[in-house]
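Working notes for the structure below.
The values are calculated or read from the model by the stated rules, or taken from the named source; none is laboratory data. The structure displayed is predicted, hence computed values, not measured ones. When we count neighbours, we look across all protein chains shown, and the Cβ atoms used for this are built from the backbone with ideal geometry, even at glycine.
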Number of protein chains: 2
Amino acid sequence: MSAMINGQLAQSLSVMDRALAYGDGIFRTFIVQKGAPLHWELQYQKLAHDAASIGIKCPPSETIYADIQHLFGDDTGVVKIIVSRGEGGRGYSIPTEQNPTRIVFKFSIPSYPESYTREGVVVHCCRLRLGQQPLLAGIKHLNRLENVLASQERTGLNFQEGLMLDQHGHVIEGTMSNLFARYQNRLLTPDLSQCGVAGVTRDQIISLAHKIDLEPIVKHIAYNDLFDADEVILCNSVIGVWQVIGLDQHQWSNQGLATKLKAILN
Amino acid sequence: MSAMINGQLAQSLSVMDRALAYGDGIFRTFIVQKGAPLHWELQYQKLAHDAASIGIKCPPSETIYADIQHLFGDDTGVVKIIVSRGEGGRGYSIPTEQNPTRIVFKFSIPSYPESYTREGVVVHCCRLRLGQQPLLAGIKHLNRLENVLASQERTGLNFQEGLMLDQHGHVIEGTMSNLFARYQNRLLTPDLSQCGVAGVTRDQIISLAHKIDLEPIVKHIAYNDLFDADEVILCNSVIGVWQVIGLDQHQWSNQGLATKLKAILN
């Protein structure tokens, strides 16, 4: 791991940063391929959108891009970008003059078994139900204790991802991924207006699904209705697309959607 | 401000700490009076309880107490203690071996106008409604974006605190304080089983209310029912107790509860 804070190589962050105190910031994680941040424009758009949603001024695209170039050179890896509201005093009130902190991390590509991509993954349903907060829904902010606790449920179990529902039992997402379910030529993905994180890969699939003759539909999906789907996939900007071959006691025999989606994404 | 991280004076924290990445930790803020952390046993109990609630092993009481002594000597001020899950890799999963990070901050006492304590404060109702997450309710964790956004609503307005309701319109708390409402000899405070932070001063008032012939009752309070209260107060471990003299368009003429509560707390 290496990191830059506000353009300087650094291993540590001011203890007065509001990211530490309150999770007062947003982030994005995706692949850099031989020095090129994949889908940079879309990733930056999301970063800037999410920052604006909570009143943080996002540093310019060129500034963050330069940090990535400096850290990665021609390397391949995972970049994580955090933009926080910056340093502040004690107390929730936002400083009159904001100086956002940008942190750019370089990580190696995670070593998931090849079978996850080739054959698919087995998923369980988390006991934790996501809380609903429309003002923060969809945003990839730094308040991620729900994801941490939901991930913890998988400890010692042989599942590759956990499915999270909301308090009404609607399917929302995986702990680190978005979900699509195909019903014939309809490609459903959960409504994220009350909770969840709207990933760049999810947006891309919504935009591009027509290329493989699927109609993307954003709507509430009840947990039990998921078992009627012909196929289910998970996606994010690091793993790409994983076919779901099992969910709790249910197994899917239809497969091929993940491969088709990967083809239109590349 | 000065701070110690894991027993060493420090201004900065590892960028790999999970407090930064996910708000994966808990905290407590209270007064140190001439070197003595007020109600230390209660504060430590809460810290350890909250840490355990999300699976973090809290450092021993003596260890944190020694940090406070080192930082404060005989000084008076505000101490803030953060315990995070410690450093981790990228990804939500909890490291097999946890090394929690403890951060102890020394701040000066905030300079609220004397009138807030002597006469009382005026409060508005925030537009933000708290999300409900029973697994995190009551815990003073580091995922505090709701409090940040709710505090922001007060910018430029002449209110001293913002009242937060849940999604059903129940009164929960102030952005930085707990609330009690007196109806004759009944002293109601909101049920925090779905959201909110349970402060040490709230616990103390519940324990000690009988000393001033009040019966403490924890229950749901609808926003409109608050106007029927004889008196309303706000409390936390830094401000003590503030009488609420106005809420939105409503004003209270009965006063004196804050003074009585301060007397039994000391």
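In the stretch A:166-200, the residue that is farthest from the other protein chains (Cβ to nearest Cβ) out of those that are closer than 19 Å to A:ILE139 by Cβ and of a type in the set (Ser, Thr, Tyr) is A:THR189. Scan the stretch B:200-216 for residues that are under 23 Å from B:GLN45 (Cβ atoms) and either among the small types (Gly, Ala, Ser) or assigned to a strand (DSSP E or B) (or both) and the total you get is 3.
Being touching a residue at least 60 places away in the same chain (Cβ under 8 Å), within 7 Å of chain A (Cβ to nearest Cβ), in contact with a strand residue (DSSP E or B) (Cβ under 9 Å, 6 or more places away or on another chain) and not β-branched (Val, Ile, Thr) is a property that does not hold for B:SER84. Only residues that are more than 8 Å from chain B (Cβ to nearest Cβ) and touching a Leu at 6+ places or on another chain (Cβ under 9 Å) were counted in the stretch A:150-159, giving 1. Restricting the stretch A:18-38 to residues that are of a type outside the set (Gly, Ala, Ser) and away from chain B (no Cβ under 14 Å) leaves a set whose member that is farthest from B:SER84 (Cα to Cα) is A:LYS34. Taking the conditions (1) aliphatic (A, V, I, L, M); (2) out of contact with any Ser or Thr (no Cβ under 8 Å at 6 or more places or on another chain); (3) more than 9 Å from chain A (Cβ to nearest Cβ) in turn, B:ILE109 satisfies each one other than (2). If a residue must be surrounded by fewer than 20 Cβ atoms within 10 Å (Cβ to Cβ), closer than 17 Å to A:LEU208 by Cα and not polar (S, T, N, Q), how many such residues does the stretch A:184-196 contain? Here the count works out to 1.
Looking only at the stretch B:39-51, decide whether some residue is within 14 Å of another protein chain (Cβ to nearest Cβ) and at pLDDT 95 or above.
Residues of the stretch B:39-51 within 14 Å of another protein chain (Cβ to nearest Cβ): B:50-51.
In the following step, the residues that additionally are at pLDDT 95 or above were identified as B:50-51.
Yes, the stretch B:39-51 has at least one match.
Looking at the stretch B:219-261 only, could you name the residues that are touching a residue at least 60 places away in the same chain (Cβ under 8 Å), of a type outside the set (Asp, Glu) and at positive phi? The one that is touching a residue at least 60 places away in the same chain (Cβ under 8 Å), of a type outside the set (Asp, Glu) and at positive phi: B:GLY240. One residue stands out among those in the stretch B:92-101 that are within 30 Å of B:SER193 (Cβ to Cβ) and within 12 Å of chain A (Cβ to nearest Cβ): the one that is modelled with the highest pLDDT, which is B:THR101. What's the total number of residues in the stretch B:121-149 that are within 13 Å of B:SER53 (Cα to Cα), in a strand (DSSP E or B) and at the interface with chain A (Cβ under 7 Å from one of its Cβ atoms)? Number of matching residues: 1.
If only one of B:VAL171, B:VAL148, B:VAL123 is surrounded by 22 or more Cβ atoms within 10 Å (Cβ to Cβ), without any contact (Cβ under 8 Å) to a residue 12 or more places away in the chain and not charged (D, E, K, R), which one is it? Can you show your working first?
Details: B:VAL171 fails: without any contact (Cβ under 8 Å) to a residue 12 or more places away in the chain; B:VAL123 fails: without any contact (Cβ under 8 Å) to a residue 12 or more places away in the chain.
Checking each option against the conditions leaves just B:VAL148.
Every listed requirement among (1) among the polar types (S, T, N, Q); (2) touching a strand residue (DSSP E or B) at 6+ places or on another chain (Cβ under 8 Å); (3) on the phi > 0 side of the Ramachandran plot is met by A:GLN184 save one, (2).
Quick check, is B:ARG182 of a type in the set (Lys, Arg) and in a loop (DSSP other than H, G, I, E, B)?
Details: of a type in the set (Lys, Arg): yes; in a loop (DSSP other than H, G, I, E, B): no.
No, not satisfied.
Look through B:TYR92, B:TYR22 and report the one residue that is within 21 Å of the chain's Cα centre (by Cα) and either more than 30 Å from A:PHE30 (Cβ to Cβ) or in contact (Cβ under 8 Å) with a residue 12 or more places away in the chain (or both).
The unique qualifying residue is B:TYR22.
Scanning the stretch A:1-17 for residues that are within 8 Å of chain B (Cβ to nearest Cβ) and modelled with pLDDT of 95 or more yields A:ALA3, A:ILE5, A:ALA10, A:GLN11, A:SER12, A:LEU13, A:SER14, A:VAL15, A:MET16, A:ASP17. The conditions of being aliphatic (A, V, I, L, M) and either in a loop (DSSP other than H, G, I, E, B) or crowded, with 18+ Cβ neighbours inside 10 Å (or both) are met by B:ILE245.
Evaluate the following for B:ARG154: is it under 19 Å from B:ILE239 (Cα atoms), more than 14 Å from the chain's Cα centre (by Cα) and not in a helix (DSSP H, G or I)? Yes; evaluated as a whole, the condition is true for this residue.
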